[in-house]
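Since the structure comes first, as structure tokens, the remarks are kept for the end.
The values are calculated or read from the model by the stated rules, or taken from the named source; none is laboratory data. Since the structure is predicted, the reported quantities are computational estimates derived from the model, not experimental observations. Here Cβ is always computed from backbone atoms with ideal geometry, including for glycine, and neighbour counts include all displayed protein chains. Remember, those area values only see protein heavy atoms, side chains included, never the ligands or the DNA or RNA. Shrake-Rupley method; radii C 1.70, N 1.55, O 1.52, S 1.80 Å.
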Amino acid sequence: ANRRPDAMIMNPPGGAGRNLIIDLQVTSPLPGSSSGDSSSKVLTLAEAKMELRAANKSFSTKKSSYRTIAEPNDLSFTPTILEITGRMHPKLLEFLEDLADMASAARRIPAPRLLSFFKTKISFALQRSIADAILARSGSINSHKDRATTADYSMSDDFVIAHNEYFVGSRRFRA
């Protein structure tokens, strides 16, 4: 398989001189969300109550998948796993805490403030990506590209004209 990590970090915190490769995955705790088939698997109550069930599964899969790349090349590897709910895998949190400590020493900014900054930036990026995915998916479902919204999400002229004629010409909105 053609696996390529998302990033390489030189001299990472706690890296013991080895470069770190990371690969990001955003996963959903809802079964079938990636395939669009929610009927494929139903969670038991015990599974539904397990914290980080999806993140832990993705972490294990990524870890074993990248082991064959990292070890022969004297690299360390950390999967960076987020759930769509915003919950971060504990190893990602640990990495961000180490990074904040290292940056704090170099920049003389309190580590808790840096950690908060990192988490906020990740949260906003995740929310933006989810919003973009929802808009793209709804656009493909509706597939009215000439009548749908433009790239800046304002209403296109064709959409407004078509719907204005419908509503003004109908009996529903007679004054």
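Would you tally the residues in segment 85-135 being in contact with a Pro (Cβ under 8 Å, 6 or more places away or on another chain) and either of a type in the set (Asp, Glu) or open to solvent by 70 Å² or more (accessible area, probe 1.4 Å) (or both)?
Total meeting the criteria: 5.
Considering only segment 101-128, state which residues are among the polar types (S, T, N, Q) and either over 24 Å from the mean Cα position of the chain (by Cα) or modelled with pLDDT under 90 (or both).
Scanning segment 101-128 gives a single hit, 104.
Can you pull out the residues in segment 26-39 that are closer than 17 Å to residue 62 by Cβ and at pLDDT 65 or above?
Scanning segment 26-39 gives 26, 27, 28, 29.
Among (1) touching a residue at least 12 places away in the same chain (Cβ under 8 Å); (2) over 22 Å from residue 5 (Cα atoms), where does residue 104 come up short?
(1)
How many of the residues in segment 59-85 are out of contact with any His (no Cβ under 8 Å at 6 or more places or on another chain) and without any contact (Cβ under 8 Å) to a residue 40 or more places away in the chain?
10
I need a count of the residues in segment 129-152 that are acidic (Asp, Glu) and either part of a helix (DSSP H, G or I) or modelled with pLDDT of 90 or more (or both).
Looking only at that region, the number is 1.
Within the bounds of segment 89-107, is there any residue that is more than 30 Å from residue 44 (Cβ to Cβ) and basic (Lys, Arg)? Give the steps one after another, and end with the answer.
To start, the set of residues in segment 89-107 that are more than 30 Å from residue 44 (Cβ to Cβ) comprises 95-107.
Next, only the ones that are basic (Lys, Arg) stay: 107.
Within segment 89-107 (the criterion being more than 30 Å from residue 44 (Cβ to Cβ) and basic (Lys, Arg)), the answer is yes, since at least one residue qualifies.
Scan (1) at negative phi; (2) modelled with pLDDT of 80 or more; (3) in a loop (DSSP other than H, G, I, E, B) for the single condition residue 23 breaks and write down its number.
In the conditions (1) at negative phi; (2) modelled with pLDDT of 80 or more; (3) in a loop (DSSP other than H, G, I, E, B), residue 23 misses (3) alone.
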